Amino acid sequence: MIRPAKDADARDIRALWNLAIRDTLITFNSVEKSLDEVRGAIHDYDAFVVAESDGVVLGYAAFGPFRAGAGYAHTKEHSIMLAPDARGRGIGRALMRALEDEGRAQGVHSLIASVSGSNPDSTAFHVALGFAQVGIVPEAGRKFGRWHDLILMQKRL
């Protein structure tokens, strides 16, 4: 089931988010999120949805401002995260469909994905959803003692 995130989901979301922070190159962030930070994100993002099964959050997707300023109001940057055992089951696609539907309802013109160049699965996932690569920022992030490129991808809604 895909539905809007609520405060009660914060613990599950935090577990997924912090797993990615600790163990992967999905994000260049190396500082784990607190429960209060996750609760804040649920309320502060323009859209935040979860995939739930039997009371457990299997993944989430959210979007918020791409950049500050009124000229960017219709462009949003999104994030998506799945539990490792939820990958390859169509859950990510369902989350993105819900996020895109919400974006259209809010008048969003395009979604931006900022993808680690060291995460080819995410690049392929976004291409399969109709995102196009629009830029690369070489060595934009550093994690696990190495530099990593940032791939910018865009989908017009």
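Couple of notes before you dig in:
- Figure legend. Inter-residue proximity from the range 142-157: first residues touching a residue at least 12 places away in the same chain (Cβ under 8 Å), second residues open to solvent by 40 Å² or more (accessible area, probe 1.4 Å) and acidic (Asp, Glu), beta-carbon distance below 9 Å, spacing 6+ or different chains. Indicated pairs: 148/139; 149/139; 150/139.
- Meets criteria (more than 15 Å from residue 122 (Cα to Cα), of a type in the set (Ser, Thr, Tyr) and under 15 Å from the mean Cα position of the chain (by Cα)) for residue 45: yes
- Residue pairs meeting the criteria (Cβ under 8 Å; at least 6 apart or on separate chains; first open to solvent by less than 40 Å² (accessible area, probe 1.4 Å), in the range 79-107; second aliphatic (A, V, I, L, M) and assigned to a loop (DSSP other than H, G, I, E, B)): 81/26; 96/129; 100/157; 103/157
- Each residue in the range 49-78 was checked for being free of Cβ contacts under 8 Å to residues at least 40 places away in the same chain and open to solvent by 10 Å² or more (accessible area, probe 1.4 Å), and 16 pass.
- Scanning the range 21-43 for residues that are of a type in the set (Gly, Ala, Ser) and modelled with pLDDT of 95 or more yields 34, 40, 41.
- Looking only at residues of the range 108-157 that are at positive phi, over 16 Å from the mean Cα position of the chain (by Cα) and part of a loop (DSSP other than H, G, I, E, B), we find that the one that is surrounded by the fewest Cβ atoms within 10 Å (Cβ to Cβ) is 145.
The values are calculated or read from the model by the stated rules, or taken from the named source; none is laboratory data. Everything numeric here is computed off the predicted structure, so don't read it as measured data. Cβ atoms come from the backbone with ideal geometry, glycine included; neighbour counts cover every protein chain shown. We work out accessible area using only protein heavy atoms, side chains counted, and drop any ligands, DNA or RNA first. Shrake-Rupley method; radii C 1.70, N 1.55, O 1.52, S 1.80 Å.
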